[in-house]
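The values are calculated or read from the model by the stated rules, or taken from the named source; none is laboratory data. Note that the structure is predicted; figures quoted are calculated from it, not measured. Cβ placement follows ideal geometry from the backbone for every residue including glycine, while neighbour counts extend to all protein chains displayed. Surface areas here come from the heavy atoms of the whole protein model, side chains and all, with no ligands, DNA or RNA. Shrake-Rupley method; radii C 1.70, N 1.55, O 1.52, S 1.80 Å.
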Amino acid sequence: MRKRNLNYDRNIDVSAYDATNDLDPGLDDAPASARMRRRRSDTDPAPRSRGRMTEEARARLVAEREAAAVDDGPPTGYRWTTWDDPGGHGPEPYPSWLVTDLAAVDAEFGVLKTGKEADVFLIERGVPDGAGSAGSRCLLASKRYRSADHRLFHRDAGYLEGRRSRRTRDQRAVENRTNFGRNLIAQQWAVAEFDALSQLWTAGLPVPYPVQHLGTELLMEFIGSADGQAAPRLAQLRPEPDQLADLWRQLHDALVLLGRNGYAHGDLSAYNLLVNDGELILIDLPQLVDVVTNPQGQEFLRRDVKRICEWFVARGMDPDLAAADRLTAEVLEEAGAS
Ligand SMILES: Nc1ncnc2c1ncn2[C@@H]1O[C@H](COP(=O)(O)OP(=O)(O)OP(=O)(O)O)[C@@H](O)[C@H]1O
Ligand SMILES: [Mg+2]
């Protein structure tokens, strides 16, 4: 049990922000409004006495429980920073915005998006008053792969072919889809996406910085505004012609650089691209495909490019500029596969 000298505001009930799809947590307002709701106003009726416990006895009990909560760890919705937990860290040098102080606390501000295979949560990692680098904070996105019984990943089949586990017990569990096996698949996806992001970040691709992986959870840079508003997906935008041309240029450059590193996204669509302040960011990369060694690599690349070119053309891009065949050929040449 770790004890830290905490002085966070324990009136915040972050669970109030949970389980809302596409939630805009309004980070600056959320804790304040939660506090407002939980504070009694003078006009509220006084609480009725329960049983034979006096007000004084109840106050003492509350104080004891609060003291115990400080000793045992952060209250519901909080956890100690996981920075020192076993599991990989993202590539060094760490970005300057990343809080690596072990006195930090992770506060969860609800679901950003529930997906078919994973749920993405908004986390604030911050250092409480009176500890280490007090006041420093950063926002993280936590992608938690599902392992529940009724979920089967649509990407499992190809993935499992490529990655035979050396531990036969694990392999059998995966093939038989036991609970243990399902959890293992979810963990493998988290590791695969973490590795892909690490490699692409280092190569200079526009992807979220991978902070850590912890079992079935991947922690990464939150793409959005400082107040917790997630960047929109490209699919949600109706860009003006200039903006569209600029986004196309960014997409082209990213796919060419990806090709130069030997890869295709593998599940590219306007839903797996975020646009943050005009900057295009590639997300959702656990199935990153090697275009040279994967027998289906070129096929995946063709599908990716065709789908995204169709989106740009449907939004008004000149089809001669957003030509799928030409871009595919260019990427293959960069990858040395043409
Ligand atoms: N780093 C991030 N910063 C901000 N938002 C993010 C981040 N990563 C993911 N999201 C949000 O969560 C959504 C789902 O993420 P992602 O596509 O990686 O997961 P998924 O399980 O494949 O979801 P889906 O089934 O919807 O494709 C994204 O469309 C985006 O809105
Ligand atoms: Mg996705």
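Below is a table of values for the structure above.
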item	result
Residue in region 264-290 that is nearest to Q199 (Cα to Cα), counting only those that are away from ligand 2 (no atom under 15 Å from the Cβ) and open to solvent by 40 Å² or more (accessible area, probe 1.4 Å)	D290
Total residues in region 288-338, condition assigned to a helix (DSSP H, G or I) and either on the phi > 0 side of the Ramachandran plot or not hydrophobic (A, V, I, L, M, F, W, C) (or both)	15
Matching option when the condition is within 13 Å of ligand 1 (Cβ to nearest atom), part of a strand (DSSP E or B) and in contact (Cβ under 8 Å) with a residue 24 or more places away in the chain, among L274, L280, L285	L274
Test: V256 is assigned to a loop (DSSP other than H, G, I, E, B) and either away from ligand 2 (no atom under 15 Å from the Cβ) or outside the structural domain of P319 (by TED's automatic domain parsing) (or both)	no
Any hit, region 228-245, residues being part of a helix (DSSP H, G or I), polar (S, T, N, Q), within 30 Å of L139 (Cα to Cα) and away from ligand 2 (no atom under 15 Å from the Cβ)	yes
Flag if G215 is more than 15 Å from ligand 1 (Cβ to nearest atom), under 18 Å from the mean Cα position of the chain (by Cα) and at pLDDT below 95	yes
Per-region count, region 320-338, residues open to solvent by 70 Å² or more (accessible area, probe 1.4 Å) and modelled with pLDDT under 95	1
Any hit, region 151-163, residues being in contact with a Lys or Arg (Cβ under 8 Å, 6 or more places away or on another chain) and either at pLDDT 85 or above or among the hydroxyl-bearing types (S, T, Y) (or both)	no
Complete set of residues in region 120-136 that are buried (at least 17 other Cβ atoms within 10 Å of the Cβ) and in contact with a strand residue (DSSP E or B) (Cβ under 8 Å, 6 or more places away or on another chain)	V120, F121, L122, I123, E124, R125, G126, V127, P128
Residue in region 252-261 that is surrounded by 14 or more Cβ atoms within 10 Å (Cβ to Cβ) and under 17 Å from the mean Cα position of the chain (by Cα) present	no
